[in-house]
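S.K.: Would you mind keeping the following structure in view while I ask a few things?
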Amino acid sequence: MTTASPDTATGLFAHVLRYENRADPYPHYTRMLRQPVTRMDDGTWLVSGHQEISQLLHDPRISADRLNPDAPEPAFRSLLVLDPPRHDQLRRLVTQQFIPRIMGMRDHLETLVARLLDAHRGDQPGQLDVVADLAYPLPVTVICELLGVPREDEAVFGGLARRLTRGLDPIDTQTEEELRELQQAREELAQYLEGLIARRRATPGDDLLSGLMSDTDPAGGMGPVDLRVTLGLLLIAGHETTVNLIANGTLALLRHPDALARLRTDPDLATPLVEEVLRYDPPVQMSGRSTLADIDLAGTTIRRGARVRLMLAAGNRDARRFPDPDRFVPDRRDNTHLGFGGGLHYCIGATLARAEAQIALTALARRLESPRLIADPPPYRENAILRGPDQLPVSFERLGPDERAA
């Protein structure tokens, strides 16, 4: 890691990446915002301002391929790093199959949340780990159901997801052992997905995977490698960010008892509250891009071929856009946060993630009597980009009944 001065762009970025700052990187983001567009020592541009990030997310001269935007687009790259037109073709195929399947899921999500919490009904007083007992199993179960992954295989993705998402962080923050584990995890996931695809080809179902295999598009459908890579992206990205969203939301509620009390009696508050969690403590902290042309931004010029770091979490705390940005306001108005990115790469699963978080947080607020954090701050995951608690142990006096069953 760099030893640059903490007052420079390079030093501030290094501080954000350091694990000792994982529980609270926001003071460093605040310092970044003093110069919302600045260049690090390695030539990478750091963009932290809300307006500037929003501008780049919607600029066709910015590329999702942060490594080499001039290289030919190989078919095996995922949606996250593809540009138009191939990005648009694959995203359209996924959207056509994904969106109809998540409509009308709220009752099912409520049932899953109730089932997970009911496992602790005999604990009086009780304790649960919000990550292990709710925030992780809920979205994993949902995405596996949608994609047609057998229930007995759900456990496969726990360790794989952790190893794969660690690979999203800058390479210089990872050990040689972690890099070897990352490559092994990629190979294990590819092998599993190839087997799953082969089974679905032999016996199609009504799941999303079967739909993707049967769907065709005049502009170009999914080949075998496209299918495997897209399936892997949906499985991993489809739950990892939601785990952090639910955990970060629970943490915010327990640190703000007034918001918790309001949610307990007003379930309609869940909608703006989740938006505020996405702004205040987003599950995805930053994103990488590169430039396809010279771009003038905030009085400077970012040259063609430059690497860019979009510091989404900093933009969400930009005082030029949000009044009192460091305060958690559960019913904040005009909350155009960057929690799901923006532009062409706006999160496909945003609607589902919102519903899962709204239902999970409302159930926790209503059913846990006198909840209390056991550790504050809790232990955090190693990841700097997909940031969230590794564990979130909470004690409570009693678990109330599921009001839907009354």
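The values are calculated or read from the model by the stated rules, or taken from the named source; none is laboratory data. What you see is a predicted model; the values in this text were computed from it and never measured. Backbone-built Cβ (ideal geometry, glycine too); neighbour counts: all protein chains shown. Heads up: the accessible areas ignore ligands, DNA and RNA and are worked out on the full protein's heavy atoms, side chains in. Shrake-Rupley method; radii C 1.70, N 1.55, O 1.52, S 1.80 Å.
S.K.: Can you give me the accessible area per residue for the chain, using a 1.4 Å probe, in Å²?
M.R.: Accessible area per residue: 43 Å².
S.K.: Looking at the chain as a GNM with Cα springs under 10 Å, which of Glu382, Glu177, Glu240 has the largest mean-square fluctuation?
M.R.: Maximum among the listed residues: Glu177.
S.K.: Among Gln51, Gln191, Gln35, which one shows the highest mean-square fluctuation when the chain is modelled as a Gaussian network with alpha-carbon springs under 10 Å?
M.R.: Fluctuation is largest for Gln191.
S.K.: Moving on. Counting residues in segment 172-323 as N, plug N into 2.2 N^0.38 Å and put the Cα Rg over that result.
M.R.: Compactness ratio reported: 1.43.
S.K.: Here's another thing I want to ask about it. Quick one: how many Å² of Leu196 are accessible to a 1.4 Å probe, rounded to 10?
M.R.: 0 Å²
S.K.: Still on this model: Considering only Arg372, Arg333, Arg39, give the residue with the highest GNM mean-square fluctuation for the chain, with springs between Cα atoms whenever their separation is below 10 Å.
M.R.: Among Arg372, Arg333, Arg39, the largest GNM mean-square fluctuation belongs to Arg333.
S.K.: Turning to a different aspect of this structure: Once both labels are modelled 7 Å past Cα along the beta-carbon direction, what's the Gln127-Ile99 spacing in nm?
M.R.: The answer from the label model is 4.6 nm.
S.K.: Same structure again: Could you give me the ³J(HN,Hα) list for segment 134-149, computed from phi with Karplus coefficients 6.51, -1.76, 1.60 and θ = phi - 60°, whole Hz, x at Gly and Pro?
M.R.: Values per residue, Gly and Pro as x: 9, 4, 7, x, 4, x, 5, 4, 5, 5, 5, 4, 4, 8, x, 7 Hz.
S.K.: Tell me, what % of the accessible area of segment 285-370 is carbon and sulfur with a 1.4 angstrom probe?
M.R.: Roughly 47 percent, rounded to a whole number.
S.K.: Considering only DSSP beta bridges with both partners in the chain, what is the antiparallel share in %, to the nearest 5?
M.R.: Looking only at bridges with both residues in the chain, the antiparallel portion is about 90 percent.
S.K.: Based only on Cα atoms, what Rg/Rh ratio does the chain have, Rh being taken as Kirkwood's radius?
M.R.: Here Rg/Rh amounts to 0.96.
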